[in-house]
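Undergrad: First the structure, then my questions, so here it is.
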Ligand code: 3PG
């Protein structure tokens, strides 16, 4: 299951990060992602609506829904019980990692240093989030870290945008880039979602060029 999710994310190269403040637009969000064949979403625990959004988005089985900004075992448990199929943390959080491993749910812990990566690897984890990517040295840091950690792949997030995402996508050490730039609630609300759809399509076109 874990490997299958990594492989699918790697094919698309984009992991949209979404913070729900209004559940009205979840259907539209799902439609836009499905239409563009981006069948993933990371719903963050940065709003009170996270669990409900995970539950609703998981219902149709069109998307593989994950939980992001997971900092406690309770959040991981709530997310998984409501449909989350993967978990992303901003740091290496032992109680989150141990719980996800126990539940056989893929977990991407947040790392920024060799020490963080080493700790994640001690749990057998081979794909880590690299966060905040722009502040911790971006691609230069990922390339340097990939020397000793040649068997690890990265999911960079934080400060990645339409302008710089392609340099990350083209790097072999990267599974995919994550971020709020891929789809946002504010764009979805506009023009029946047309602007959000076009914006996502243009990112995909760049990847597939
Ligand atoms: C994360 O939690 O992965 C980051 O906060 C995403 O950063 P972004 O909003 O700059 O994409």
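FYI, it's all coordinate maths here, none of it is from the lab. Predicted model only: the values in this text are computed from it and were never measured. Backbone-built Cβ (ideal geometry, glycine too); neighbour counts: all protein chains shown.
Undergrad: Which whole-number percentage describes the relative contact order of the chain, with Cα contacts under 8 Å and a sequence gap of 6 or more? Numbers along the way, then the final one.
TA: Numbers: 387 pairs, mean separation 42.0, N = 209.
It rounds to 20 percent for the chain.
Undergrad: Can you say what percent of the DSSP beta bridges in region 2-200, counting only those with both residues inside, are antiparallel? Round to 5. Intermediate results must be reported in sequence, preceding the final value.
TA: Values: 0 of 21 bridges.
In region 2-200, approximately 0 percent of DSSP beta bridges are antiparallel ones.
Undergrad: Tell me, what is the FRET efficiency for residue 104 and residue 7 to the nearest 0.05, using R0 = 22 angstrom and their Cβ-Cβ distance as r? If you can, show how the numbers build up before the last one.
TA: Working: r = 16 Å, r/R0 = 0.75.
It comes out at approximately 0.85.
Undergrad: Just report the Cα centroid separation between region 23-44 and region 184-207, whole Å.
TA: Here the answer is 11 Å between Cα centres.
Undergrad: The chain: D in µm²/s via Stokes-Einstein (Kirkwood Rh, Cα pairs, 37 °C, 0.692 mPa s)?
TA: Working: Rh = 16.9 Å.
For these conditions, the coefficient is 194 µm²/s.
Undergrad: For the chain, what does -39500 (n - 2.57) per DSSP helix run (n ≥ 4), summed and divided by total residues, give at 222 nm, in deg cm²/dmol to the nearest 500? All intermediate terms of the calculation are to be shown ahead of the outcome.
TA: Values: 10 runs with 90 residues, N = 209.
Taken over the chain, the calculation gives -12000 deg cm²/dmol.
Undergrad: For the residues 92, 105, 169, what sequence is obtained by ranking on other C-beta atoms within 10 Å, fewest first?
TA: Values: 92 23, 105 20, 169 17.
Exposure proxy ranking, most exposed first: 169, 105, 92.
Undergrad: Quick one: Cα centre-to-centre distance for region 79-108 and region 53-68, in angstrom?
TA: After rounding, the separation between the Cα centres reads 15 Å.
Undergrad: Also: Order by neighbour count: 182, 135, 80, fewest other Cβ atoms within 10 Å first, most last. Each step should come with its number before you reach the end.
TA: Numbers: 182 28, 135 11, 80 20.
So the ranking, lowest neighbour count to highest, is 135, 80, 182.
Undergrad: Sort 155, 139 so that the residue with the fewest other Cβ atoms within 10 Å of its own Cβ comes first and the one with the most comes last. Please list the in-between numbers first.
TA: Values: 155 25, 139 18.
In increasing order of surrounding Cβ atoms, one gets 139, 155.
Undergrad: Quick check on region 75-133: what are the equivalent-ellipsoid semi-axes from the Cα gyration tensor, as sqrt(5λ), descending, whole Å? Each step should come with its number before you reach the end.
TA: Working: eigenvalues 77, 27, 14 Å².
Each semi-axis is the square root of five times an eigenvalue, giving 20, 12, 8 Å.
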